[in-house]
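As structure tokens, the structure follows; a few thoughts come after it.
The values are calculated or read from the model by the stated rules, or taken from the named source; none is laboratory data. Just so it is clear, the structure is predicted and the values come from calculations on it, not from any experiment. Neighbour counts are summed over all protein chains in view; Cβ atoms, including those assigned to glycine, are modelled from backbone coordinates with ideal geometry. Ligands, DNA and RNA are excluded from the accessible area calculation, which covers all protein heavy atoms including side chains. Shrake-Rupley method; radii C 1.70, N 1.55, O 1.52, S 1.80 Å.
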Amino acid sequence: MKLPTSIENILNENIVENARLELKKNWNPEPILHTICAFANNIDNWGGGYILIGVEEQNGRPKMPITGLGLSEINKIQK
């Protein structure tokens, strides 16, 4: 299924965190899994949401510049 928007739009269009968008600075499995479960429950019938890992938020908006995740963090997540 095609995403209704692109990551570039989310990061550059001043979109605020909401019930369909979560910005996470680091990989922390427990809160991310809670967010995934909330999106999967789909109470409002919105069809899920977006979790952007490696994007810090400030007042609900992406904090610039985006730092992302280091290669060692990505390798750890994939294992």
| query | Which of the aspartates and glutamates could a cross-linker bridge to Lys25, judged by Cα under 18 Å and excluding same-chain residues fewer than eight apart? | reply | Glu8, Glu17, Glu56, Glu57, Glu73
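Based on Cβ point charges of +1 for Lys and Arg and -1 for Asp and Glu, what charge dipole magnitude is obtained for the chain about its Cα centre, in debye rounded to the nearest 20? Provide the component values of the computation, followed by the final result.
Numbers: 8 positive and 9 negative charges, 41 e Å.
About 200 debye.
Quick check: with the 1.4 Å probe, what order do Thr35, Thr5, Thr67 take by accessible area, largest first? It would help to have the intermediate numbers written out before the result.
Numbers: Thr35 20, Thr5 40, Thr67 105 Å².
Descending order: Thr67, Thr5, Thr35.
Normalising by the residue count of the chain, find the relative contact order in percent from Cα pairs under 8 Å and 6+ residues apart. Spell out each step's value before the answer.
On the way: 77 pairs, mean separation 26.4, N = 79.
Across the chain, relative contact order equals 33 percent.
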| request: Can you run the Rg to Rh ratio on the chain? Use alpha carbon positions and the Kirkwood inverse-distance Rh. | output: 0.96
